[in-house]
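Bear in mind that the values in this text are calculations on the coordinates, not laboratory data. Not measured: the values here are computed from a predicted model. For neighbour counting, all protein chains shown are included, and Cβ atoms are generated from backbone atoms with ideal geometry for every residue, glycine included.
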């Protein structure tokens, strides 16, 4: 088996998904912490390739295996799971479809909204305080033009009101969806614990402070969040934090759907 | 009577993905043609199947499946027949990466161009009140926005330029990737190829400056190789519009 190195940001968003998935599988990988909001993913020290440069996810972790730089948290979690022997995904075809649909909804609706709100709250002040020359060096290292634009928008605080309102409502809907899903008393979203739990938790954990109304009166979702935090793999991932509160660690992420 | 029913429009983009995947697997299905240009997908009969009003949708027994790429993965998992995902975990990752990249980054750009060139003009001349009523029946707000823009031709110059930029980048990326392996993301014909063909089959005609035998030989060879497959022939023969008949450009020997 090829050796692996995981270049990860603080355990929040996509880095949290992959760190916890790695812990779930028990696979061995070298961990290298990088500062995603300092553009370190694009510095020469992290392996890169088309999959990291053009990742729809934006600034997420990079898994280097056998000379290939791999990206996109859900697919990295699936890779780790399939390499280790399938425990984090349902085997029944329909249950599998449900998990994939769940993850896709999370990727397309919750993740862009969470990245928008998280960056607005936490990354803009940091980038705004950065000297122009330093910021320009980051920009020059980013291959994707649209990802570069998300960096400049973040630094400039360019977050249109309509998108903010829409993002907040997508977080509210995301938590509602979890509350509904847990309505039959199940512990985990797909019945058995799966990548759907990891990806949902990873993007929503940092939203409790920013969109508190989404979590109000959602007793089942709240209990699920507690179960997630108590899960050894998640606790192990959260232990990788080097900052006081990793939920405040964001970097330009997936774009808001261009069609509106 | 097959247990599988597919509600689909043309063998093109999202509808074509499960059509071609089912054909490759050799799974017989009841074909239920949804005429997107007549807004069949927002009519009560179809909303009873898929309340979101998106196409395609598939029923298998009493199960209802939606979202074209997820349906393809289901088809591959649920039925016997040739495997459309390789066993190697890294190949599987690469296939998923490319499908997401195409579904979320590249295809929306192609479809913005396609909608403004084909879908919009096809429906625009109808009675405005009838069109507005049709738009109001669309369940998903983002689809309402998209249809309004397509019908009124109101994609902004910036949006169109950005879509064209992405199409150019995407064509270059496909060409580069196809030079690496036998198929798009692995050495085995897979869902990534099924997905990619639906996105790209008309590129040599729609983007002749960017995609031709000189500039993108691997892309052209890949498209021709897929069009030679019996499942592709069978699927594209189900097309009704001139739009999908453009696939004929992939014939090696012009008829």
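When DSSP beta bridges are restricted to pairs lying wholly in chain A, around 70% turn out antiparallel. For the pair residue B:213 and residue B:156 in one chain, pulling the backbone fully straight at 0.36 nm per residue adds 17.3 nm over the alpha carbon distance.
Please average, across the residues of A:92-98, the number of beta carbons from any other chain that are within 10 Å of each residue's own beta carbon, and give a whole number.
Mean partner-chain Cβ count within 10 Å for A:92-98: 6.
The slack between residue A:235 and residue A:169, meaning 0.36 nm per residue of separation minus the straight C-alpha distance, is 20.9 nm.
For the protein assembly as shown, what does the helix formula give at 222 nm: sum of -39500 (n - 2.57) over DSSP H segments with n ≥ 4, over the residue count, nearest 500 deg cm²/dmol? Let's see the in-between values first.
Numbers: 26 runs with 259 residues, N = 515.
My calculation for the protein assembly as shown gives -14500 deg cm²/dmol from helical runs alone.
In percent, rounded to a whole number, the relative contact order of region A:54-194 is 26, using alpha-carbon pairs under 8 Å and six or more apart.
If you take every DSSP beta bridge fully contained in the protein assembly as shown, what fraction is antiparallel? Give it as a percent rounded to 5.
Numbers: 17 of 25 bridges.
In the protein assembly as shown, DSSP labels about 70 percent of beta bridges as antiparallel.
Once the Cα-Cα distance is subtracted from the 0.36 nm per residue extended length, the residue B:144 to residue B:165 segment shows a gain of 5.1 nm. Residues of region A:189-228 falling in the label zone of residue A:176, defined by backbone nitrogen less than 17 Å from a point 7 Å along Cα to beta-carbon, are A:211-222.
Kindly state, to the nearest 0.05, the FRET efficiency for residue B:48 paired with residue A:38, given R0 = 41 Å and r defined as their beta-carbon distance.
On the way: r = 52 Å, r/R0 = 1.27.
That gives a FRET efficiency of 0.20.
Distance between the C-alpha centres of region A:110-167 and region B:79-93: 37 Å, rounded to the whole angstrom. Between region B:173-203 and region A:1-75, the C-alpha centres lie 25 angstrom from each other.
Per-residue mean of foreign Cβ neighbours for B:87-95 is 5 (Cβ atoms of other chains, 10 Å radius).
Would you please state which residues of region B:72-108 a label at residue A:3 would reach in this model, taking the label point 7 Å out along Cα→Cβ and a backbone N cut-off of under 11 Å? Counting only backbone N, you get no residues.
Taking every C-alpha pair closer than 8 Å and separated by at least 6 residues, the mean separation divided by the residue count of region B:141-232 gives a relative contact order of 22 percent. Counts of other chain beta carbons within 10 angstrom of each beta carbon in peptide B:159-168 average 1. Dividing the mean sequence gap of close Cα pairs (under 8 Å, 6+ apart) by how many residues chain A holds gives a relative contact order of 31 percent.
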